[in-house]
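One structure is given here, and the rest of the page talks about it.
The values are calculated or read from the model by the stated rules, or taken from the named source; none is laboratory data. Note that this is a predicted model, so its numbers are computed, not measured. No Cβ is skipped: glycine too gets one built from the backbone with ideal geometry, and neighbour counts run over all protein chains shown. Surface accessibility is based on the protein's heavy atoms, side chains included, excluding ligands, DNA and RNA. Shrake-Rupley method; radii C 1.70, N 1.55, O 1.52, S 1.80 Å.
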Amino acid sequence: NGNFVEVLSKTVLKLTKNLLKNHKPDFTFVHFLDLEVAHQYGTLSEELKQKLSEIDNAVRELALLDNDVVIFSDHSMDDVREKFNLKEKLDALNFKFGEDFVYFINSTFVKFWFKNLETKKSVESLLRGLDCGRIINIKEYHLPKNCDLLFLANFGVLFYPNFFNSNYKAMHGWDPKIQKTVFMVKNYKGRKDAHIIDLLPTILEILKIKKPKVDGKSLI
């Protein structure tokens, strides 16, 4: 909530500095959650600009304490341009939730599990006729097959009502080929094409620890 976010970066900075001073750990993971405020206010809001300034100052203080500092964004954030009532379309098919199929509406994607072939064909036909998103090839995106069908919203589209919050002004979770992760390491050149799975191999290389078999690759 707003009050939690309001004090987060300052609290995290204070705790981290105390940790470094009193325990001198080999590795410290610091996660600033302040920018989640963009969900509520949007990416161009004064509220977000204030949070960006606070995080900048916190990162600056931490970067002065150690030469090996990795700065990594865990996902992008972009403004919602359109809201689409997908549940209304699914209800119009007159299938019974729980008997014919089950679906989970996230803000930017929907997962489906089908109980029979008729329902599956009808839902696929409906989704292919919509211009708000597309059916994803799970193998192509290297995703675990934990559903029968995955429907991804087009960039900027928010599904509502969903199982989270339908009033968001900004979101993430669209196509990773569009929303990028940003990576910076002190004394190295940053990159804008990084992936979240590259974080662990990068840290292991900095710490000179032999890399086990993991996804991703070191970015330095």
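Restricting attention to the stretch 80-139, the residues being open to solvent by 40 Å² or more (accessible area, probe 1.4 Å), under 19 Å from Val157 (Cα atoms) and small (Gly, Ala, Ser) number 1. Being assigned to a helix (DSSP H, G or I), over 30 Å from Thr108 (Cα atoms) and not polar (S, T, N, Q) is true of Leu19.
Determine, yes or no, whether Phe27 is under 17 Å from the mean Cα position of the chain (by Cα) and aromatic (Phe, Trp, Tyr). For Phe27, the condition - under 17 Å from the mean Cα position of the chain (by Cα) and aromatic (Phe, Trp, Tyr) - is not met.
When Thr11, Thr28 are screened for being of a type in the set (Ser, Thr, Tyr) and either open to solvent by 90 Å² or more (accessible area, probe 1.4 Å) or under 18 Å from Phe183 (Cα atoms) (or both), only Thr28 passes. Does Lys211 satisfy the criteria of being open to solvent by 30 Å² or more (accessible area, probe 1.4 Å) and part of a loop (DSSP other than H, G, I, E, B)? Answer is yes for this residue.
Do we find a residue being in contact with a strand residue (DSSP E or B) (Cβ under 9 Å, 6 or more places away or on another chain) and over 29 Å from Ser45 (Cβ atoms) anywhere in the stretch 159-177? Among the residues of the stretch 159-177, not one is in contact with a strand residue (DSSP E or B) (Cβ under 9 Å, 6 or more places away or on another chain) and over 29 Å from Ser45 (Cβ atoms), which makes the answer no.
Note on the stretch 155-170: among residues that are open to solvent by 50 Å² or more (accessible area, probe 1.4 Å) and not aromatic (Phe, Trp, Tyr), the one that is modelled with the highest pLDDT is Lys169.
Of everything in the stretch 171-185 that's open to solvent by less than 40 Å² (accessible area, probe 1.4 Å) and in a loop (DSSP other than H, G, I, E, B), which residue is farthest from Ser107 (Cα to Cα)? So, considering only residues that are open to solvent by less than 40 Å² (accessible area, probe 1.4 Å) and in a loop (DSSP other than H, G, I, E, B), the one farthest from Ser107 (Cα to Cα) is Gln179. Among residues of the stretch 43-55 being of a type in the set (S, T, N, Q) and assigned to a loop (DSSP other than H, G, I, E, B), the one that is least open to solvent (accessible area, probe 1.4 Å) is Ser45.
Among residues of the stretch 122-134 that are under 13 Å from Leu93 (Cβ atoms) and in a helix (DSSP H, G or I), those with a beta-carbon under 9 Å from a residue that is open to solvent by less than 30 Å² (accessible area, probe 1.4 Å) and among the hydroxyl-bearing types (Ser, Thr, Tyr) at least six positions away or on a different chain give the pairs Val123/Tyr103. Gln40: assigned to a helix (DSSP H, G or I), out of contact with any helix residue (DSSP H, G or I) (no Cβ under 8 Å at 6 or more places or on another chain), open to solvent by 80 Å² or more (accessible area, probe 1.4 Å) and of a type in the set (S, T, N, Q), yes or no? No, not satisfied. For beta carbons closer than 6 Å, sequence separation of 6+ or different chains, a first residue in the stretch 198-211 that is more than 18 Å from His75 (Cβ to Cβ) and a second that is assigned to a loop (DSSP other than H, G, I, E, B), the qualifying pairs are Pro201/Lys211; Pro201/Gly216; Pro201/Lys217; Pro201/Ser218; Leu204/Lys211; Glu205/Ser218; Ile206/Asp68.
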